[in-house]
Amino acid sequence: MAAELHDLTVDVRTDRWHARVLTEVSLSVAPGEITALVGGPGAGKSMIARALTGRLPASATASGEVVVDGIVGYVPQDGVDAFAPGRPVGAQLRDLAGDAGSVEEACAAAAYPAEPMGLLPEENSAGQIQRAALAAALMGEPDILVADGPTAPLDRALGNVVWRSLRRYADAGGTLLVITHDLPLITAAGLADRIVVVDDGRVLAAGTPAEVAAVDDPLVRMYF
Ligand SMILES: Nc1ncnc2c1ncn2[C@@H]1O[C@H](COP(=O)(O)OP(=O)(O)OP(=O)(O)O)[C@@H](O)[C@H]1O
């Protein structure tokens, strides 16, 4: 099932400030593909992920359209946010799964080891809790998975394991949007089917890696 944004504009307004954080963002994420969402700090990547998963902040007002059909899984930028505080991760994963088999399967896919399961979410390291959050998201058997930096706190070896799992998820028909700074790695490995580049809340380029690499824009070229 596809996930789409049509002309999404998002403003955030707090007591302290007001800003337009997304401007007329349109994008489409297709089943069976890995779509990599890239951009610099503050470009609007997480806001796009939050819009697709119905998690825009309360301070946000949005116009445009979000089209998402099916079960949506979400890996937050900080894996801790996928869990309630004060209860061991393993217990929370078991609550989600209902049976131990699927916990093991999801943890293996997310490369989340057994050792930190007895720890609270906030006691897991950044790289551990991010993998636990991916396991939790996979356990929901989502049609659409939006993962905000699932490999960001991982080293290359573990990152490769997680990327291979994400590839398997897409190959099985899943619709996958991944926010990542691993673009050189995943394009070299042929892992990204489509790339969306954002800057300052706007889509600068979108298409296959070859199409995006050919875009004549200095900001886009910096990624290749
Ligand atoms: N809850 C919020 N309230 C107000 N503004 C926010 C909120 N969350 C993000 N922003 C602002 O929205 C803009 C886009 O932020 P976003 O988190 O989407 O960036 P990003 O591309 O994911 O960046 P990074 O790579 O640093 O995580 C930024 O200017 C940020 O300061």
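Values for this structure:
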{"item": "Criterion: more than 28 Å from Y112 (Cα to Cα), more than 9 Å from the ligand (Cβ to nearest atom) and either hydroxyl-bearing (S, T, Y) or open to solvent by 20 Å² or more (accessible area, probe 1.4 Å) (or both) - qualifying residue of V67, V25, V72", "result": "V67"}
{"item": "Qualifying positions in region 137-150 - on the phi < 0 side of the Ramachandran plot and open to solvent by 30 Å² or more (accessible area, probe 1.4 Å)", "result": "L138, G140, D143"}
{"item": "Odd one out for A49 among (1) on the phi < 0 side of the Ramachandran plot; (2) outside any strand (DSSP E or B); (3) open to solvent by 20 Å² or more (accessible area, probe 1.4 Å)", "result": "(3)"}
{"item": "Residue match in region 5-14 (condition: at positive phi and either assigned to a helix (DSSP H, G or I) or away from the ligand (no atom under 16 Å from the Cβ) (or both))", "result": "yes"}
{"item": "Cβ-Cβ under 6 Å pairs, at least 6 apart or on other chains, region 133-154 side closer than 15 Å to A108 by Cα, far side among the aromatic types (F, W, Y) and crowded, with 24+ Cβ neighbours inside 10 Å", "result": "A135/Y112"}
{"item": "Check on A43, without any contact (Cβ under 8 Å) to a residue 12 or more places away in the chain and assigned to a loop (DSSP other than H, G, I, E, B)", "result": "no"}
{"item": "For A58: the one exception among (1) within 15 Å of the ligand (Cβ to nearest atom); (2) open to solvent by 60 Å² or more (accessible area, probe 1.4 Å); (3) in a strand (DSSP E or B); (4) not basic (K, R)", "result": "(3)"}
{"item": "Residue in region 76-99 that is surrounded by 13 or more Cβ atoms within 10 Å (Cβ to Cβ), touching a strand residue (DSSP E or B) at 6+ places or on another chain (Cβ under 8 Å) and in a strand (DSSP E or B) present", "result": "no"}
{"item": "Near pairs, Cβ below 6 angstrom, 6+ apart or cross-chain, from region 1-25 (touching a residue at least 60 places away in the same chain (Cβ under 8 Å) and over 16 Å from R55 (Cβ atoms)) to any residue that is open to solvent by less than 40 Å² (accessible area, probe 1.4 Å) and within 11 Å of the ligand (Cβ to nearest atom)", "result": "R20/D11; T23/G201"}
{"item": "Number of positions in region 118-136 that are hydrophobic (A, V, I, L, M, F, W, C) and surrounded by fewer than 20 Cβ atoms within 10 Å (Cβ to Cβ)", "result": "3"}
{"item": "Failed condition for A108, given (1) at positive phi; (2) without any contact (Cβ under 8 Å) to a residue 24 or more places away in the chain", "result": "(1)"}
{"item": "Subset of region 132-160 [more than 11 Å from the chain's Cα centre (by Cα) and within 15 Å of the ligand (Cβ to nearest atom)]", "result": "P153"}
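The values are calculated or read from the model by the stated rules, or taken from the named source; none is laboratory data. Just so we're clear, the structure is a prediction, and the values are computed from it rather than from any experiment. Here the Cβ is made from the backbone with ideal geometry for all residues, glycine too, and neighbour counts use every protein chain on show. Calculation scope for accessible area: heavy atoms of the full protein, side chains included, ligands and nucleic acids excluded. Shrake-Rupley method; radii C 1.70, N 1.55, O 1.52, S 1.80 Å.
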